Amino acid sequence: MAGAAKRRAAEERDARRTERSHHSNSGTSSSGSKPKSDARSTANSAHSSNSKSIHGYDGERDPDSPTSVTRNPATSRVIVEAKNFDISAAGWATVRGLSAAAMPPRVGPSKLGSSVKVGLNTFRVKKTPTKKVYQFDVIIGNGDEKRGLNKHMWECPALKAALGKGWIFDGNKLAWSMNPINREIRLMIDLDSKENGGTGKPRKDGKFNTHRVQIRQTNQVGFDVLTSYLEGKTGFNNANLEAINFFDHLLREYPRLNYTSIKRSFFAKGQTRFDLGNAVEAFKGVYQSLRIAHWGGNPACLSINVDVANGTFWKELPVHLAALQLTGRRDMNDLILALKQGEGGRCGQDLKKMRKLHVEASHRGAKEIDNYVIERFIFKSAREHKFENEDKKMVSVYDYFAQKYNIRLQHPDLPLCKMTKGKSTVLPMEVLKIKGNERYAFKMDERQTSNMIKFAVEPPPQRWNAIQHGLGMLKWDQDPVLKAFGVEIDPQRTVVDGRLIPAPTVKFGTGDARPGTSGRWDLKGKKFLQPNPAPLKSWGVCVIPGRRGGKPDKAIVENFMNEFVKIYGMHGGRVENKKPTFILANGDDVGTWVTEAWNKTGNANNARPQILVFILPDKDSGTYGRIKRSAECRYGVVSQCMQYAHVQKCQGQYISNVCMKFNAKLGGSTCRAVGDAKKNNKETGLFSVPTMILGADISHGAPGSETPSMAALTCSMDRLAIRYAAACETNGFRVEMMTTDNINSMLKPLVQSWVGAVGGGKFPQRIFYFRDGVSEGQYQHVLQQEVADMKALLKTADPKLNIPFIVVVGGKRHHVRFFPEKGDRNGNPLPGTLVETGVTHPYENDFFLCSHTAIKGTARPMHYHVLLNEVGMSNEELQTIIYEHSYQYIRATTPVSQHPAIYYAHIASNRAVPHDPKWAGSSDGAPSVASRPRSGSASGSQGRSGGSSSGPPINVDKLMPMPNQSNIFNSMWYI
């Protein structure tokens, strides 16, 4: 073995020497970087007659691959690291060489409730590849080339001629074929040669666009090993992953040739578009993914999950018109005026979204379409920007187009587009057009989001029709690639036996609700389970005038507050001061509004304010965030915001809904769920022993932003696990695992509060930890990092302390949907629908639960995966707890879709964003990241999805603390 490794290392060294020799002798490039060109003029570099040759790959961005591969440094063999594959937590640990913690095994089917038939949008694989498949390592250039170059190299005729037919390439480092090749293939391919569609001439710098390709057979894909695993005869290993990885690419090979592919979603051209606004549109495609499925007592099998894909794309518009719509300016003159500020001002920031867009130009004639990629914008007019033309004379872009192409630019004062092709290719915006199906990968604004919801939300019958349309796009039975490899997929959807868990009784202080299968109740005649413990004495109402100077009617506000006090009292609220202090805000500074409300309320009542109410003229997230930031971090007081339009209407149902939040912030609780096992208030199950429930979520900034990740940890603060305190902190940049520092700093005060408020000075006898938003590949990290840190922290209080944990991950980022035979009036599953087969893992303990009623569209069930069960709790009891607690969500009259612990953590992580000292919405408007290390910062291993070219921030600021004089830390300030 050692000798073989040495020989392989020697061969690699020889290959590198040969490669360097080729480069030094022929002057070729294998870096894949933008080749040098003598682009002395805009015309020379941009208007070359060789429009097919590839001059640069900076803007070539194939859709993100669902898989990534790395190389073993010792053997140079590719190691597959598949993202979003459902291969189980133990499978991930095996593949990564980690010490896998013993996962709770799958248990027998639940016997809760009654049996129901549920259709799933999954399709069983009847036959896996029947022929031998060989896997190959592919090295293009130096092995780290951009995907655009890899794709172009793989498609070039010279390589196809050398390889023959029947190959599949992952666009990165792996390829597969049914034909073995016992020799290593080494080629030097010139992309500018006539054979590959080029001119056959050297470039102006005398060099050729030549790159190395090296292909080496590594092994045979082991479908026999995968079959053995599915039958439960062997464990999961890297051979299984290689087989699944190949199968995933096999499924995508034919669709990607016919449609626009984005990861595992495919979009056809010519589909009906839906305008989202600001040069963005949406249309539907199809999503498919491979998963390992459980079939009750039958052997496991492979299954295909098919769903609707809703994609957002740039409109196929001329670039200058797209820029006009993107920036929201009135007309072209308004856009030009706005862009005359330094670097285009705010509109210039908007234009950055258009970088890397693929565009085309036809100014040289309809038969000579040139393809480009926008690198950046140059904020000079076409008359100002000059270059040296073919005659060595300086000429402006405006004059060049007039003389060369007889085109007089209509908007010469617009910025110019610098292209990735060539060193100085610059073109006017109005001669460029965005290509079709160009993905829009940025966070949408509120109007776009609202329009997207209208477009995407579909009830189950329409969604199933859309899925069937997607099946028609995939055409499995006609797919020549699947046929060649002997694959057969059942076109009939999976139907399984699910369970319908009975709904609990929702108990209030006065009056009970029995929602049954409706999943709804109201607050009429009901008093909150626990009203505010301290009577409301010191509180104020601050009214914010409209942006155009319109003053709200004081009489309307006073009438609303009188009705609010009345209804809150009817729900059991304790209000001693029925006339809150009235404050009419002045000026535009939000911080001043809060300070004035705080001071006037405190002075009028001679007491620290318990809550501040703000009545806003409209829905403005910036104003809302600044109010919360100032109230919570400066004064440590909870607040309640309402819109003036609702105040004018003064509707009882709206007031009751606000009262739930109002009461929760003041220390009360709305209701509790009581199932059949707890009739007559008999305590069993969860509450038979002191139990703490923790929830955690980590939110990240929008793609392309440099907003730090935000970690939130929630902790139950009463015996019935109704009220939850929440702690938040920045968690580095795109770091998914909660850092040790954050767990120590956030969990310690939460545990101390629980011990004092719930445990009577004693620690809990068991802890539930509900974790949101992690993929299967991170399950081991949850146990080995987060849970291990929690246990270590608890032992600092008492080394003998060994509290048993139940750890459950809940996820909603999946494409599984339920289509029950008997659902609600819209066709959705009834609340309490549980599925444990057909789509779950064969050997690990997971299940899907739909606990809510979908208001619109198709309900998305929650996927729960049990990672640790040191208590030995049965699945029936765990499922009952999760379902019943969804009825205890403190601000709703309907069960929610996930356990409240993680729902609250998600809300808190987003609500704490304005607590960032450099939050973009603060008065200084500074970005929320550091360009240099800062003291007292939270950091960790960080990735990057976008941002400045200087790389991701190393350290980020901690959040501003909330002063705890009024015990705001333990209140539900975030609700």
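Key figures for this structure:
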item: Charge dipole (debye, nearest 20) of the range 672-932; +1 at Cβ of Lys and Arg, -1 at Cβ of Asp and Glu; result: 580
item: Dimensionless Rg ratio for the range 354-509, taking C-alpha atoms and the 2.2 N^0.38 Å reference; result: 1.79
item: Whole-Hz couplings from phi, Karplus 6.51/-1.76/1.60, listed for the range 794-805; x for Gly and Pro; result: 5, 6, 5, 7, 7, x, 8, 5, 9, 6, x, 10
item: Cross-link table Lys443/Lys958; Lys117/Lys856; Lys566/Lys661; Lys160/Lys263; Lys151/Lys352; Lys165/Lys483, entries beyond 19 Å C-alpha to C-alpha; result: Lys443/Lys958; Lys117/Lys856; Lys160/Lys263; Lys151/Lys352
item: Cα centroid of the range 140-181 to Cα centroid of the range 221-267, whole Å; result: 18
item: Local electrostatic count, Ala797, Cβ distance below 13 Å [Lys/Arg +1, Asp/Glu -1]; result: +4
item: For Gly636, distant residues with modelled amide H under 5 Å away; result: none
item: Derived scalar couplings ³J(HN,Hα) [the range 758-765; Karplus, 6.51 cos²θ - 1.76 cosθ + 1.60; whole Hz; x for Gly, Pro]; result: 10, x, x, x, 10, 6, x, 8
item: Charge dipole (the range 546-610, unit charges on Cβ, about Cα centre) - positive-most of Val557, Trp598, Val575; result: Val575
item: Loop trypsin sites (Lys or Arg not before Pro), the range 351-410, which have at most 13 other Cβ atoms in a 10 Å radius of their Cβ (DSSP); result: Lys367, Arg383, Lys392, Lys393, Arg408
item: Cα centre as origin, Lys/Arg/Asp/Glu Cβ charges: the range 322-445 dipole, Debye; result: 300
item: Interatomic Cα distance distribution for the range 672-932, bins of 10 angstrom, percent; result: 7, 29, 34, 22, 7, 1, 0
item: For Phe582, residues with placed amide H under 5 Å, excluding near neighbours; result: Val541
item: Euclidean distance of C-alpha centroids, the range 792-866 and the range 548-589, integer Å; result: 41
item: Radius 11 Å from Cβ of Ile902, net charge of other residues (Lys, Arg +1; Asp, Glu -1); result: 0
item: Long-range HN-HN contacts of Leu868 with modeled amide H, under 5 Å; result: Val807
item: In order through the range 112-121: 3J(HN,Hα) via Karplus (6.51 cos²θ - 1.76 cosθ + 1.60), integer Hz, x for Gly, Pro; result: 5, x, 10, 7, 9, 8, 10, x, 10, 8
item: Cut-off 12 Å between beta-carbons: net charge of the residues surrounding Asn605, Lys and Arg +1, Asp and Glu -1; result: +3
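Computed from the coordinates by the stated procedures, all read-outs in this text should not be read as laboratory data. Here the structure is a predicted model, which means the values were calculated and not measured. No Cβ is skipped: glycine too gets one built from the backbone with ideal geometry, and neighbour counts run over all protein chains shown.
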